[in-house]
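The values are calculated or read from the model by the stated rules, or taken from the named source; none is laboratory data. Note that this is a predicted model, so its numbers are computed, not measured. Here the Cβ positions follow ideal geometry from the backbone for every residue, glycine too, while neighbour counts run over all protein chains shown. These accessible areas exclude ligands, DNA and RNA; they are computed on the full protein's heavy atoms, side chains included. Shrake-Rupley method; radii C 1.70, N 1.55, O 1.52, S 1.80 Å.
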Amino acid sequence: MHSPQQTITESSRWTRAEWWMLTVSCLAVALVVAAMAALYSALPEIAVETGATQAQLTWIVDGYTLVLACLVLPAGAIGDRYGRRAVLVIGLAIFTMASALPLLLSDPAWLIAARAIAGAGAALVMPSTLSILTAGFAAVHRGRAVGVWAGVAGSGAVLGILGAGVLLERWSWVSVFVGLTAAGALLAALACTIAESSQHDHPPVDWVGAAAAAVAVAGIVFATIEFPARGWADPIVLASAGAGMLATAFFILIELRSSAP
């Protein structure tokens, strides 16, 4: 017979599968968060070697974050519907391929496009890692697992800056993309080894709400990024901010009426 104290102790231990699931999920979210800040230190060198303007340098960094922010809500719903591990692997594959593009094409426009595509992959990765933990861990373990995930996600930007700094000490800015590509490919392979999970009732994806959310975030964030250079009176900034606010109102109305928001 097990004593009550022994039973509690055993039930609080994580299994090997849970440890591995947590490790892969934390490494994946750390990678996509680190990719947001990894290029800050490399921007002066990128400007010199590619001839990128200040506006282009801004979008090389912010294009990634903007696309990630726009797509993270629908990406989470897609993972719940079609399988979180599958979406995680696909997201890491997209991130890896996009991170490899600057190794072949270094024109500023291509760098911006590559970063935007990488942001789309990151949007698939981030919510999938959290959903995998909440679905894969028993209720008694879930709080600690999510706490570890949140701590790693919060420190990811610092890791990105430090990692990029180490690479730039010896190599050019291209080495940052080599590092992101290698890490993404490795994690995509490792993600294939964790268990699949999805919602049993297979709720429909709220595509209208997802589109409204994406337009709302894109419009407001684009206006916020551009107004220091253009000013709030600029027609593009006004139109972008207005479209974002209208889309926000439309999103709220849609979600209040949706059967599966």
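Observations on the structure shown:
- Flag if residue 22 is within 23 Å of residue 134 (Cβ to Cβ) and either buried (at least 22 other Cβ atoms within 10 Å of the Cβ) or at pLDDT 90 or above (or both): yes
- Filtered by the rule that a residue be within 14 Å of residue 167 (Cβ to Cβ) and small (Gly, Ala, Ser), region 38-55 gives 38, 41, 42.
- Count - residues of region 30-42 that are open to solvent by 30 Å² or more (accessible area, probe 1.4 Å) and modelled with pLDDT of 90 or more: 0
- Restricting the first member to region 232-261 and to residues that are more than 12 Å from residue 218 (Cβ to Cβ) and without any contact (Cβ under 8 Å) to a residue 24 or more places away in the chain, and the second to residues that are of a type outside the set (D, E, K, R) and open to solvent by less than 100 Å² (accessible area, probe 1.4 Å), the beta-carbon pairs closer than 6 Å and six or more apart or on different chains are 237/223; 237/227.
- Conditions (1) farther than 23 Å from residue 176 by Cβ; (2) out of contact with any His (no Cβ under 9 Å at 6 or more places or on another chain): number failed by residue 122: (1)
- Within region 140-179, the set of residues being within 14 Å of residue 40 (Cα to Cα), open to solvent by less than 80 Å² (accessible area, probe 1.4 Å) and over 19 Å from the mean Cα position of the chain (by Cα) comprises 165, 167, 168, 172, 173, 174, 175.
- Subset of region 180-196 that is open to solvent by 30 Å² or more (accessible area, probe 1.4 Å) and of a type in the set (Gly, Ala, Ser) - its residue that is farthest from the chain's Cα centre (by Cα): 195
- Hits in region 110-133 (condition: open to solvent by less than 40 Å² (accessible area, probe 1.4 Å) and without any contact (Cβ under 8 Å) to a residue 12 or more places away in the chain): none
- Total residues in region 62-109, condition open to solvent by 40 Å² or more (accessible area, probe 1.4 Å), over 23 Å from residue 212 (Cα atoms), small (Gly, Ala, Ser) and at pLDDT below 90: 1
- Count of region 200-219 residues which are open to solvent by 60 Å² or more (accessible area, probe 1.4 Å) and modelled with pLDDT under 90: 6
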